1. Looking at ASP152, ASP130, ASP134, which is the one that is within 17 Å of ALA36 (Cβ to Cβ) and either assigned to a strand (DSSP E or B) or acidic (Asp, Glu) (or both)?
2. Quick one: in the range 188-215, of everything that is more than 28 Å from the chain's Cα centre (by Cα) and at pLDDT below 85, which residue is surrounded by the most Cβ atoms within 10 Å (Cβ to Cβ)?
3. Could you give me the residue pairs with C-beta distances under 9 Å whose first residue belongs to the range 130-158 and is closer than 24 Å to ASP291 by Cβ and open to solvent by 50 Å² or more (accessible area, probe 1.4 Å), whose second residue is within 11 Å of the ligand (Cβ to nearest atom) and part of a loop (DSSP other than H, G, I, E, B) wherever it lies, and which are 6+ apart or on separate chains?
4. Based on this model, can you work out whether GLY47 counts as modelled with pLDDT of 95 or more, open to solvent by less than 50 Å² (accessible area, probe 1.4 Å) and of a type in the set (Gly, Ala, Ser)?
5. Pick from the range 66-88 the residues that are out of contact with any helix residue (DSSP H, G or I) (no Cβ under 6 Å at 6 or more places or on another chain) and either open to solvent by less than 40 Å² (accessible area, probe 1.4 Å) or assigned to a helix (DSSP H, G or I) (or both): which of them is farthest from LEU404 (Cα to Cα)?
6. Can you work out which of the residues in the range 11-34 that are part of a helix (DSSP H, G or I) and touching a Cys at 6+ places or on another chain (Cβ under 8 Å) is farthest from the ligand (Cβ to nearest atom)?
7. Could you please find all residues in the range 390-415 being in a loop (DSSP other than H, G, I, E, B) and either open to solvent by less than 20 Å² (accessible area, probe 1.4 Å) or β-branched (Val, Ile, Thr) (or both)?
8. Which one is surrounded by the fewest Cβ atoms within 10 Å (Cβ to Cβ), of the residues in the range 446-476 that are more than 25 Å from ALA364 (Cα to Cα) and of a type in the set (Val, Ile, Thr)?
Amino acid sequence: MTEHAVVITGGGPTGLMLAGELALAGTDVVIVERRASQDVDRSRAGGLHSRTIEVLDQRGIAERFLSAGHVAQVQRFAGIPLDISDFPTRHNYGLALWQSRFEPILADWVGELGVPILRGREVVGFAQDDTGVDVEVSGDPSLRAEYLVGCDGGRSLIRKAAGIDFAGLDPSTSWLIAEVEMDEEPELGMRPEGGGIGPVNRLEGGGPFGVVLRERHVDHAGDPSMHELREALVAAYGTDYGLRSANWISRFTDMARQAASYRHGRVLLAGDAAHVHPPQGGQGLNTGVQDAVNLGWKLAQVVNKTSPESLLDTYHAERHPVGARVLHNTMAAVALSSPDDRHQALRDTMAELLSMDEPRRRFAAMLSGLDIHYDLGGGHPLLGRRMPDLDVHTAAGPTRVFTLLHEARPVLLNLGEPGGFDISPWKNRVRFVDARHAGVWELPVLGEVAAPRAVLIRPDGHVAWAGELTDPELPQALATWFGAANPAP
Ligand SMILES: Cc1cc2nc3c(=O)[nH]c(=O)nc-3n(C[C@H](O)[C@H](O)[C@H](O)COP(=O)(O)OP(=O)(O)OC[C@H]3O[C@@H](n4cnc5c(N)ncnc54)[C@H](O)[C@@H]3O)c2cc1C
């Protein structure tokens with residue numbers, strides 16, 4: 001039986017990101033992935049939001065994605081555009097990039113970090129005991145792991161086998177989504193019936209066309225067919241525009257469910273395995289990648305015995321409310337998208353409200369993930385929020401805060417007089433950096449905040465403590481997040 005510290009089931013966006021985070025922290029991790037290759041059709045995510053681009057920037061890999069996609073103001077609530085170009089972030093935009101392009105780029109990075117991916121293999125069950133988990137893999141000897149993470153999508157076997165409740169709403173509406181070739185020139189754009197047609201390559205126009213159509217029924221057995229697609233086209237447009245062929249046809253619904261717990265003993269859930277919701281607002285992949293960045297360093301510290309197992313409880317405590325909020329805003333967006341006149345009036349009202357600065361900022365910060373605030377208690381407004389990517393001067397020259405996070409290690413950033421704190425009890429875990437910063441500190445939605453003298457930044461880019469280096473709470477924060485002080489040598 002092969003042993004690993006962590007086995008990840010599923011090498012989609014969430015599993016790949018988690019594997020990268022664990023590998024950066026020196027954890028022995030393996031991915032088991034059912035698909036034989038990284039190929040995925042274009043029915044899924046169409047892009048990245050600002051905070052996801054930021055977390056990739058924190059690892060020094062944002063450019064790989066930016067150069068493959070198309071930067072744009074992609075943010076929408078119930079179809080209402082929300083511009084974030086005035087937001088205080090280097091990435092004050094979204095990135096149009098199909099999941100089919102995103103996954104191979106992320107997989108390349110994971111490959112560079114040396115993570116093995118067992119492709120074409122399926123996890124079919126597991127059994128956990130006090131010291132680890134036996135993971136049953138179809139056709140292969142079992143794997144033994146200290147922890148098993150289910151990143152295996154909405155139908156997660158890991159979640160079901162762990163007996164974790166997936167509470168929420170059944171679907172009320174079903175949509176077909178397809179990439180098709182048509183003999184006639186279709187009428188482009190959105191239809192009030194709940195669908196639309198657009199060129200797949202928006203820059204070049206022309207076919208193939210991407211089609212989204214609301215279906216008349218919700219319950220379907222089996223995969224969607226050409227016949228159903230044709231029927232739905234005729235129902236929406238009165239014609240199938242000479243539908244010739246489909247490169248792929250898929251289906252999605254407005255089901256909204258969330259795992260009651262993101263952890264059961266030595267088994268954890270992340271990404272779609274932990275939360276499914278309608279695709280409105282394009283938040284699924286983004287939320288999964290950010291789950292992974294929250295979990296990775298914590299799991300690594302527990303595995304290498306830096307931190308007690310209780311650190312893993314903060315993963316559920318921090319990420320479950322984020323997932324719940326995504327379910328909530330997507331349910332609202334679906335309700336608003338009903339095609340009748342009353343809902344149109346409601347959409348118009350929302351659009352008017354969202355044209356005002358304060359509501360626009362709040363909704364855009366929520367959908368982009370830039371306003372995520374983990375509840376770490378009261379204190380400086382930075383506490384629990386994302387650290388802004390400041391330009392700073394260090395002894396090594398000018399740099400950016402995100403550059404200091406490339407290795408996924410915690411950073412104690414001192415912006416006051418150099419020195420002034422004895423980091424030696426945490427030296428092997430926390431990087432102490434003396435730096436200077438001249439500009440203002442500005443956060444999305446909150447605006448300008450008082451400049452702290454020092455900040456303790458977690459590997460996920462969230463602030464664990466902010467204040468004076470003489471603050472007695474600093475050693476406590478270091479111990480809480482990065483393990484007990486080592487005795488003096
Ligand atoms: C129509 C549509 C549009 C969307 N648009 C957006 C968008 O614009 N923006 C956005 O952020 N998100 C969007 N999403 C959501 C996004 O696609 C998902 O949230 C994202 O793929 C979740 O990633 P994941 O890695 O958690 O799960 P998945 O991508 O589902 O990956 C799970 C992986 O686990 C593997 N697996 C499953 N079971 C096993 C097993 N037993 N053993 C081994 N491997 C297994 C699967 O093969 C798969 O590779 C959209 C989804 C849909 C359907």
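1. On the way: ASP130 fails: within 17 Å of ALA36 (Cβ to Cβ); ASP134 fails: within 17 Å of ALA36 (Cβ to Cβ).
Answer to the selection: ASP152.
2. Kept after step one, since they are more than 28 Å from the chain's Cα centre (by Cα), are these residues of the range 188-215: 188-189, 191-193, 204-208, 215.
From what's left, at pLDDT below 85: 189, 191-193, 204-207.
On the way: GLY189: 8, ARG191: 15, PRO192: 13, GLU193: 13, GLU204: 8, GLY205: 11, GLY206: 9, GLY207: 17.
Filtering the range 188-215 for residues that are more than 28 Å from the chain's Cα centre (by Cα) and at pLDDT below 85, the one surrounded by the most Cβ atoms within 10 Å (Cβ to Cβ) comes out as GLY207.
3. What qualifies is LEU157/GLU122.
4. Numbers: modelled with pLDDT of 95 or more: no; open to solvent by less than 50 Å² (accessible area, probe 1.4 Å): yes; of a type in the set (Gly, Ala, Ser): yes.
Answer is no for this residue.
5. The first filter runs over the range 66-88 and keeps only residues out of contact with any helix residue (DSSP H, G or I) (no Cβ under 6 Å at 6 or more places or on another chain), leaving 66-67, 69-74, 76, 79, 81, 83, 85-88.
With either open to solvent by less than 40 Å² (accessible area, probe 1.4 Å) or assigned to a helix (DSSP H, G or I) (or both) added as a condition, the list becomes 66, 69, 72, 87-88.
Numbers: LEU66: 20, GLY69: 25, ALA72: 27, PHE87: 22, PRO88: 19 Å.
Step by step, filter the range 66-88, then rank; the result is ALA72.
6. So in the range 11-34, the residues part of a helix (DSSP H, G or I) come out as 13-24.
Remaining after also requiring touching a Cys at 6+ places or on another chain (Cβ under 8 Å): 14-15, 18.
Values: THR14: 4, GLY15: 5, LEU18: 9 Å.
Among residues in the range 11-34 that are part of a helix (DSSP H, G or I) and touching a Cys at 6+ places or on another chain (Cβ under 8 Å), the one farthest from the ligand (Cβ to nearest atom) is LEU18.
7. Residues of the range 390-415 that are in a loop (DSSP other than H, G, I, E, B), as a first pass: 390, 395-396, 405-410, 415.
Answer for the range 390-415, where residues must be in a loop (DSSP other than H, G, I, E, B) and either open to solvent by less than 20 Å² (accessible area, probe 1.4 Å) or β-branched (Val, Ile, Thr) (or both): LEU390, LEU405, ALA408, PRO410.
8. First, the residues of the range 446-476 that are more than 25 Å from ALA364 (Cα to Cα): 452-456, 465-476.
This time we only want the ones that are of a type in the set (Val, Ile, Thr), so: 455, 470.
Values: VAL455: 24, THR470: 11.
Looking at residues that are more than 25 Å from ALA364 (Cα to Cα) and of a type in the set (Val, Ile, Thr), I get THR470.
The values are calculated or read from the model by the stated rules, or taken from the named source; none is laboratory data. What you see is a predicted model, and the numbers here were worked out from it, not measured in a lab. In this analysis, Cβ positions are derived from the backbone assuming ideal geometry, glycine residues included, and neighbour counts consider all displayed protein chains. Just so you know, the surface numbers come from the protein's heavy atoms only, side chains and all, with ligands and any DNA or RNA stripped out. Shrake-Rupley method; radii C 1.70, N 1.55, O 1.52, S 1.80 Å.
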